[in-house]
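Encoded as structure tokens, the structure appears first; notes follow it.
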Amino acid sequence: MNPLLQPFDTAPFSKIKNEHFKPAFLQAMEDARAEIDAITENKEEPSFENTIVALEFSGQQLDRISSVFFNLNSAETNEEIQKIAQEVSPLLSEFSNDITLNEGLFKRIKYVFDAREDLDLSLEESTLLEKKYKSFSRNGANLPEDKKKRLREIDSELSKLKLTFGENVLAETNKYEMHLTNEEDVAGLPEGEKEAAAQLAKAKEKEGWLITLDYPSYIPFMKYAKNRELRKELSLAFGSKGFHNDELDNQENVLKIAKLRHERAQLLGYETHAHFVLEERMAETPEKVQGFLNELLLKAKPAAEREFQELSQFAKELDGLDQLQKWDASYYSEKLKQKLFNLDDEILKPYFKLENVINGVFKVAEKLFDLKFKEVNNVDKYHEEVLTYEVYDQKDNFISLFYADFHPRKGKRGGAWMTSYKSQYKKDGKNIRPHISNVCNFTRSTSSKPSLLTFNEVTTLFHEFGHGLHGMLANTTYPSLSGTSVYWDFVELPSQVMENWCYEKEALELFAHHYETGELIPMELVQKIKESATFQEGMQTLRQLSFGLLDMAWHAQDPTAIEDVKAFETLAFTGTQLYPETPETCMSTAFSHIFQGGYSSGYYSYKWAEVLDADAFAYFKENGIFNKTIASKFKDNVLSMGGTENPMELYKRFRGQEPKVEALLERAGLLELRK
Ligand SMILES: [Zn+2]
């Protein structure tokens, strides 16, 4: 008896053994294929019900098994699970490719799609139909055979190039090390960082200290190391990954990726790769993204220039520097920040005992959305540390199951995330409620101290909980449109907006009490947190915008004629650079976000999401941060609606207007600086 192949409501963790996964996957895939075949072979005329809805609800068991398995692989993995993941991942991509390439299935979908005007579909139904149709057409289902063939070639070529790009960046990162044997060369580094560098050296049986290009080694060195020449060396090494004209060089790969993406987009009838990508984003068009980035640039640049002047002046006074260089940025910024704020995590932590913060975020959810969280002990879980809650609304209707897993363990990957074990959907007159999980890596308690969070961890908890609310409050018919299944540049709104409550007195009063004395966090501390959060916001904004503009330069125009990566990049950076140009470095050759990961034509979404969350929170602030009417509008038009409609429409219904950049500029302190 394989517990994964029996019907289950909550995931049956205690009954699952590793050897259950693979047979369960194989069986569920076979069942799902049979469901697809039944749709394709149906003799009746294709209809929304017998094709689109049937496809939507096919493979549900496979989805549940996948979510249990891959969630475990992130939160509580071991070598055996990792091995199974290696084995089943290619089978799963083959399975989904087989669906996308299934011509009989596409024929039926297209039949329904072409008749959509006469079908009298609801908004959600039309969205589902369009989404299903697009998942085929965007993969070439409408193309003639020869072009289909070319598309497959491009896809396979692109996936190889992206892999090579990433491998080169990794190899460059691993290849470099700075070996220091003179104590003066590590002057400035805090004791802990020095120790870490000494350990790195020891592990390689070397004397002294080793500094590498890995973030945990690179970042502290750039921030604290006094020796300017060494900072320069490290900074140039970091900035020139994939740019040495050797076997790990990525210039050719960059050009090939950009050109193949363009060719692919054109094959499918789009002007550029960015047009193709943005069709399924809230921003919709490259023109809109570029307009957005340029508007922010115009408004942030004066502040950035002022901050740069201020930092230059500070470095001059402190060390007589004539010209601030890239390798000075982090070092002097840290010094200036210390001088201005002197804000230490250790001062804040006693006010943020984990249990208090959890209760705090629950109270915020109760005040806003009338949710009640009841801890329960009868739900099967994958580790004893996991907490489980049942969530109810005001009328005691069951809303969701909520798992919370807060501490690092061997077998859990780093970072923090929200995920689900079961999507919300409606079927046969029943509203099936979701099972949502938050996973974090917060310091655990010790025998003498409870778990105390840094302020950054507090905002992380609120952030992931915001994603969690998006899942918990979902109220749609179709699972693939439910909860966080929204356009990429919309998904961070519910999470980021929640972070805003962490800075508000009215919210902090609910939970930020000293764990020993019960004293409320002093408001001058809160004020300091707010001010330090916007420290050098102009320069930071300019940096983000430069990446977004570079991304759009590569993807929103015909790249056929580009030959020189560095020259092209320098041109794209015009207007966003404060520091002197360094000919030795190149950003594009290590810009993994856009050339390896999924952020091509999407880097702007970081800023886009900030604009949304600032604009949404401003609406709360104007009317009171716990205003029930505004909260209901947010729940009814955003949190519960998933991807059932275009996000801009949803947002406008909540806010009464399109988002504006002003709220972000004000929150970031960029408005006053513009005088
Ligand atoms: Zn997020």
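The values are calculated or read from the model by the stated rules, or taken from the named source; none is laboratory data. The structure presented is a predicted model; accordingly, all values stated were derived computationally and were not measured. Glycine also receives a Cβ, built like all others from the backbone with ideal geometry; neighbour counts cover every protein chain displayed. These area figures cover heavy atoms from the full protein model, side chains too; ligands, DNA and RNA do not enter into them. Shrake-Rupley method; radii C 1.70, N 1.55, O 1.52, S 1.80 Å.
On the basis of being in contact (Cβ under 8 Å) with a residue 12 or more places away in the chain, surrounded by fewer than 17 Cβ atoms within 10 Å (Cβ to Cβ) and over 17 Å from residue 267 (Cα atoms), does residue 118 make the cut? So that I can check it myself, show each step before the final result.
Details: in contact (Cβ under 8 Å) with a residue 12 or more places away in the chain: no; surrounded by fewer than 17 Cβ atoms within 10 Å (Cβ to Cβ): yes; over 17 Å from residue 267 (Cα atoms): yes.
Spelling it out, it is not the case that residue 118 is in contact (Cβ under 8 Å) with a residue 12 or more places away in the chain, surrounded by fewer than 17 Cβ atoms within 10 Å (Cβ to Cβ) and over 17 Å from residue 267 (Cα atoms).
Tally the residues that are within 16 Å of residue 164 (Cα to Cα) and surrounded by fewer than 18 Cβ atoms within 10 Å (Cβ to Cβ), restricting the search to the range 226-255.
Residues of the range 226-255 that are within 16 Å of residue 164 (Cα to Cα), as a first pass: 241-255.
Right, trim to surrounded by fewer than 18 Cβ atoms within 10 Å (Cβ to Cβ) and you get 244-247, 252.
Looking only at that region, the number is 5.
Tell me whether the range 205-213 contains one or more residues that are open to solvent by 50 Å² or more (accessible area, probe 1.4 Å) and at pLDDT below 95. Can you show your working first?
So the first thing to find is which residues in the range 205-213 are open to solvent by 50 Å² or more (accessible area, probe 1.4 Å), and the list is 205-207.
Those still in the list that are at pLDDT below 95 too: none.
The answer is no, given that none of the residues of the range 205-213 is open to solvent by 50 Å² or more (accessible area, probe 1.4 Å) and at pLDDT below 95.
Taking the range 211-247 as the region of interest, how many residues are of a type in the set (Phe, Trp, Tyr) and within 13 Å of residue 185 (Cβ to Cβ)?
2
Please determine, by comparing only the residues of the range 139-169 that are of a type in the set (A, V, I, L, M, F, W, C) and not in a helix (DSSP H, G or I), which one is surrounded by the most Cβ atoms within 10 Å (Cβ to Cβ).
Initially, the range 139-169 is screened for residues of a type in the set (A, V, I, L, M, F, W, C), giving 141, 143, 151, 154, 158, 161, 163, 165, 169.
If we keep only those that are not in a helix (DSSP H, G or I) as well, we get 141, 143.
Numbers: 141: 21, 143: 16.
Ranking the candidates gives 141 first.
Quick one: is residue 107 crowded, with 17+ Cβ neighbours inside 10 Å and either under 26 Å from the mean Cα position of the chain (by Cα) or within 30 Å of residue 260 (Cβ to Cβ) (or both)? Don't jump to the end; show me each part of the working.
Numbers: crowded, with 17+ Cβ neighbours inside 10 Å: no; either under 26 Å from the mean Cα position of the chain (by Cα) or within 30 Å of residue 260 (Cβ to Cβ) (or both): yes.
Answer is no for this residue.
Looking at (1) within 16 Å of the ligand (Cβ to nearest atom); (2) under 30 Å from residue 398 (Cβ atoms); (3) touching a helix residue (DSSP H, G or I) at 6+ places or on another chain (Cβ under 7 Å), which one does residue 511 not meet, given that it meets all the others?
All conditions are met except number (1).
Which residue pairs have Cβ atoms under 9 Å apart, sit 6 or more places apart or on different chains, and have a first residue in the range 519-543 that is farther than 20 Å from residue 329 by Cβ and a second that is of a type in the set (Val, Ile, Thr) and open to solvent by 20 Å² or more (accessible area, probe 1.4 Å)?
Pairs that qualify, where the first residue is farther than 20 Å from residue 329 by Cβ and the partner is of a type in the set (Val, Ile, Thr) and open to solvent by 20 Å² or more (accessible area, probe 1.4 Å), are 525/347.
Taking only the range 405-433 into account, find how many residues are within 16 Å of the ligand (Cβ to nearest atom) and open to solvent by less than 30 Å² (accessible area, probe 1.4 Å). Break it down stepwise before answering.
So in the range 405-433, the residues within 16 Å of the ligand (Cβ to nearest atom) come out as 413-420.
Still in the list and also open to solvent by less than 30 Å² (accessible area, probe 1.4 Å): 417, 419.
Within the range 405-433, residues that are within 16 Å of the ligand (Cβ to nearest atom) and open to solvent by less than 30 Å² (accessible area, probe 1.4 Å) number 2.
Under 6 Å between Cβ atoms, at least 6 apart or on separate chains: pull out the pairs that start in the range 376-394 with a residue that is under 18 Å from residue 75 (Cα atoms) and end on any residue that is hydroxyl-bearing (Ser, Thr, Tyr) and open to solvent by 50 Å² or more (accessible area, probe 1.4 Å).
Sorted first by the residue in the range 376-394, then by its partner, the pairs are 380/14.
Across the range 628-675, what is the total count of residues that are open to solvent by 30 Å² or more (accessible area, probe 1.4 Å) and of a type in the set (S, T, N, Q)?
Final tally of qualifying residues: 4.
To keep it simple, each residue is scored yes or no on (1) more than 10 Å from the ligand (Cβ to nearest atom); (2) modelled with pLDDT of 95 or more; (3) within 15 Å of the chain's Cα centre (by Cα).
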residue	(1), (2), (3)
464	no, yes, yes
476	yes, yes, no
486	yes, yes, yes
497	yes, yes, yes
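Here's the yes/no breakdown for (1) out of contact with any His (no Cβ under 8 Å at 6 or more places or on another chain); (2) assigned to a helix (DSSP H, G or I); (3) open to solvent by less than 20 Å² (accessible area, probe 1.4 Å):
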position: 318; (1), (2), (3): yes, yes, no
position: 333; (1), (2), (3): yes, yes, yes
position: 338; (1), (2), (3): yes, yes, no
position: 343; (1), (2), (3): yes, no, no
position: 378; (1), (2), (3): yes, no, no
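Checking residue 53 against (1) over 20 Å from residue 478 (Cα atoms); (2) over 28 Å from the mean Cα position of the chain (by Cα); (3) assigned to a helix (DSSP H, G or I), only one condition comes out false. Which one?
Unmet for residue 53, out of (1) over 20 Å from residue 478 (Cα atoms); (2) over 28 Å from the mean Cα position of the chain (by Cα); (3) assigned to a helix (DSSP H, G or I): (1).
Could you tell me which of the residues 454, 459 is modelled with pLDDT of 95 or more and either among the basic types (Lys, Arg) or closer than 24 Å to residue 515 by Cα (or both)? Give the derivation first.
Working: 454 fails: modelled with pLDDT of 95 or more.
When all the criteria are applied, what remains is 459.
Please work out which residue is farthest from residue 435 (Cα to Cα), limiting yourself to the range 65-77 and to residues that are buried (at least 20 other Cβ atoms within 10 Å of the Cβ) and of a type outside the set (S, T, N, Q).
So the residue we want is 76.
Which of the residues belonging to the range 450-462 are within 16 Å of the ligand (Cβ to nearest atom), hydrophobic (A, V, I, L, M, F, W, C) and more than 16 Å from the chain's Cα centre (by Cα)?
Going residue by residue through the range 450-462, those that are within 16 Å of the ligand (Cβ to nearest atom) are 456-462.
Now restrict to residues that are hydrophobic (A, V, I, L, M, F, W, C): 458, 461-462.
Of everything in the range 450-462, just one residue is within 16 Å of the ligand (Cβ to nearest atom), hydrophobic (A, V, I, L, M, F, W, C) and more than 16 Å from the chain's Cα centre (by Cα), namely 458.
Please go through (1) part of a strand (DSSP E or B); (2) within 16 Å of the ligand (Cβ to nearest atom) for residue 400 and return the number of the only condition it doesn't satisfy.
If we test residue 400 against (1) part of a strand (DSSP E or B); (2) within 16 Å of the ligand (Cβ to nearest atom), just (2) comes out false.
Could you list all residues from the range 434-449 that are at pLDDT 95 or above and more than 16 Å from the ligand (Cβ to nearest atom)?
434, 435
Select from the range 371-400 the residues that are of a type in the set (Asp, Glu), under 19 Å from residue 424 (Cβ atoms) and under 28 Å from the mean Cα position of the chain (by Cα) and list them in ascending order. Reasoning before the result, please.
Taking the range 371-400 as the starting set, the residues that turn out to be of a type in the set (Asp, Glu) are 375, 380, 384-385, 390, 393, 396.
Going one step further and asking which of them are under 19 Å from residue 424 (Cβ atoms), we end up with 390, 393, 396.
Of everything in the range 371-400, just one residue is of a type in the set (Asp, Glu), under 19 Å from residue 424 (Cβ atoms) and under 28 Å from the mean Cα position of the chain (by Cα), namely 390.
Report yes if residue 451 is among the hydroxyl-bearing types (Ser, Thr, Tyr) and either open to solvent by 30 Å² or more (accessible area, probe 1.4 Å) or free of Cβ contacts under 8 Å to residues at least 60 places away in the same chain (or both), otherwise no.
On the way: among the hydroxyl-bearing types (Ser, Thr, Tyr): yes; either open to solvent by 30 Å² or more (accessible area, probe 1.4 Å) or free of Cβ contacts under 8 Å to residues at least 60 places away in the same chain (or both): no.
So residue 451 does not fit the description; no.
Which residue is farthest from residue 549 (Cα to Cα), if the candidates are limited to the range 274-291 and must be open to solvent by 20 Å² or more (accessible area, probe 1.4 Å) and part of a helix (DSSP H, G or I)? Before you say what the answer is, go through the steps one by one.
Residues of the range 274-291 that are open to solvent by 20 Å² or more (accessible area, probe 1.4 Å), as a first pass: 275-276, 279-281, 284-285, 287-288, 290-291.
Filter once more, keeping what is part of a helix (DSSP H, G or I): 275-276, 287-288, 290-291.
Details: 275: 15, 276: 17, 287: 12, 288: 12, 290: 7, 291: 10 Å.
Of everything passing the filter in the range 274-291, 276 is farthest from residue 549 (Cα to Cα).
What is the number of the single condition among (1) touching a strand residue (DSSP E or B) at 6+ places or on another chain (Cβ under 7 Å); (2) modelled with pLDDT under 95 that residue 233 does not meet?
(2)
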